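Visitor: Encoded as structure tokens, here's the structure I'll be asking about.
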Amino acid sequence: MPGPSDTAELEARVRARPLPRHVAIIMDGNGRWARVRGLPRVAGHRQGAAAVRAVTRAARRLGIDALTLYAFSMQNWSRPADEVEALMLLLVEFLEKEQQELLANGIRLNAIGDLERLPARVGSRLESVRQATAGGQGMTLTLALSYGGREELVHAARLAAARGGPVDEAALEAGLWTCGLPSLDLLIRTSGERRISNFLLWQAAYAELYFTDVHWPDFDERELLTAVADFQARQRRFGLTGDQVTGPGGRE
Ligand code: IPE
Ligand code: IPE
Ligand code: MG
């Protein structure tokens, strides 16, 4: 197990280099975390909510501008009703407990997805925390709820068509639920699965992808720092050659 001083050293290294502005996480593996402990899946989701608190705090402390968390997908509606119910309950609990801390740390809460589908008590709680934290300048925490990337693209295309102008990249961008957020730099998925599962399909075009076998409830500040350090060691070329990015013989 790495000790606190290793974490401090890692943090110092990460702080010395440019940070990703926008980090998104597919928080996967709550169910498996619970299963290996002989616990019900819901226990994994509860521990997952604790990880959300810890990682949000760590991202804010580090100075990341935007953290986007995939909390519930459009496809997750098809899970057993009692699991969906438990997740909605945990979400309300999270919002109630976190409002003060978000406010105190200048974190603006945002939500993306087909929010109309959320139960009324979730929708209204979300709206009240969103309004209460709207002035937050430190970081934007976006919860993707009832979210699907394909659904978002259909929504954006419909909006662009309804506006009557050209349906080009800018028009589609403007209709995305993520409009206004910095472009996505780093996309993390926990728990060993190497797929996108309908998350930020458009936004991931040039994001760096990072996969870890750690289950979401075990993901913490150190894991976040490890992912960011990995990101910082990469060269993003956006279609150019390495020389174009760094200059001939150059280094980053
Ligand atoms: C992620 O954990 C949380 C949600 C999708 C809501 P899972 O519930 O998908 O956990 P696994 O993949 O079954 O382990
Ligand atoms: C993606 O995880 C959705 C969230 C993390 C909220 P899933 O567990 O639903 O994805 P699949 O089913 O493994 O692709
Ligand atoms: Mg899963």
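Visitor: Which cross-chain or sequence-distant (5 or more) residues have an amide H under 5 Å from the amide H of Val167, H modelled 1.01 Å from N in plane?
Guide: The list, which skips near neighbours in sequence, is empty: none.
Visitor: Can you work out the accessible area per residue across region 82-142, with the rest of the protein chains kept in place, probe 1.4 Å, in square angstrom? Intermediate values should be presented prior to the final figure.
Guide: On the way: 2930 Å² over 61 residues.
In whole numbers, region 82-142 has 48 Å² accessible per residue.
Visitor: Which far-off residues, 5 or more places away or on another chain, put their amide H under 5 Å from the one on Glu208, with H placed in the peptide plane?
Guide: Answer set, sorted by chain and number: Leu186, Leu187.
Visitor: Now a separate question. Determine ³J(HN,Hα), in whole Hz, for all residues of region 151-157 in sequence, where each value follows from phi through the Karplus function 6.51 cos²θ - 1.76 cosθ + 1.60 and θ = phi - 60°; x replaces Gly and Pro.
Guide: Per-residue couplings from phi come out as 4, 5, 5, 4, 4, 5, 5 Hz.
Visitor: For Pro217, what is the net charge nearby, where nearby means another residue's Cβ is under 12 Å from its Cβ and Lys, Arg count +1, Asp, Glu -1?
Guide: Working: positive: Arg32, Arg35, Arg37, Arg41, Arg46, Arg53; negative: Asp28, Asp218, Asp220, Glu223.
My count for the surroundings of Pro217 gives +2.
Visitor: Let me ask another. Can you give me the % of accessible surface on region 1-137 that is carbon or sulfur? Probe 1.4 Å, all protein chains present, nothing else counted.
Guide: Ligands and nucleic acids excluded, carbon and sulfur reach 51 percent.
Visitor: Taking a probe of 1.4 Å, how large is the accessible area per residue of region 172-252, in Å²?
Guide: Counting only protein heavy atoms, the per-residue value for region 172-252 is 50 Å².
Visitor: Whole-Hz ³J(HN,Hα) for each residue in region 80-85, computed from phi via Karplus 6.51 cos²θ - 1.76 cosθ + 1.60 with θ = phi - 60°, x for glycine and proline: what do you get?
Guide: Running phi through 6.51 cos²θ - 1.76 cosθ + 1.60 with θ = phi - 60° gives x, 4, 5, 5, 4, 4 Hz.
Visitor: At q = 0.13 Å⁻¹, work out log10 I(q)/I(0) for the chain with the Debye formula, treating every Cα as an identical point scatterer and leaving solvent out; two decimals please.
Guide: For the chain at q = 0.13 Å⁻¹, log10 I(q)/I(0) is -0.87.
Visitor: What percentage of the solvent-accessible surface of region 165-252, computed with a 1.4 Å probe over protein heavy atoms, is contributed by carbon and sulfur atoms?
Guide: 49
Visitor: OK, next. What residues qualify as long-range amide H neighbours of Ala111, i.e. H under 5 Å apart, gap of 5 or more or another chain, H built at 1.01 Å from N?
Guide: Leu143
Visitor: Step through the residues of region 180-192 one at a time and calculate ³J(HN,Hα) from phi using the Karplus curve (6.51 cos²θ - 1.76 cosθ + 1.60, θ = phi - 60°), rounding each to whole Hz and writing x for Gly and Pro.
Guide: 3J(HN,Hα) across region 180-192, in whole Hz: x, 7, x, 5, 6, 9, 9, 10, 9, 10, 8, 6, x.
Visitor: Using Cα pairs under 8 angstrom and six or more residues apart, how large is the relative contact order of region 155-216, in percent?
Guide: Across region 155-216, relative contact order equals 31 percent.
Visitor: Jot down the per residue volume, in cubic angstrom and as a whole number, of the convex hull over the alpha-carbon atoms of region 69-134.
Guide: So the per-residue hull volume is 80 Å³.
Visitor: What number comes out for the charge environment of Leu118, summing +1 per Lys or Arg and -1 per Asp or Glu over other residues with Cβ under 11 Å away?
Guide: The answer is 0.
Visitor: Let me ask another. Given the -39500 (n - 2.57) contribution per DSSP H run of 4+ residues, what per-residue ellipticity at 222 nm results for the chain, rounded to the nearest 500 deg cm²/dmol?
Guide: -14500 deg cm²/dmol
The values are calculated or read from the model by the stated rules, or taken from the named source; none is laboratory data. Note that the coordinates shown come from a computational prediction; the quantities given were computed from them, not determined experimentally. Cβ: placed from backbone, ideal geometry, glycine included. Neighbour counts: every protein chain shown. Heads up: the accessible areas ignore ligands, DNA and RNA and are worked out on the full protein's heavy atoms, side chains in. Shrake-Rupley method; radii C 1.70, N 1.55, O 1.52, S 1.80 Å.
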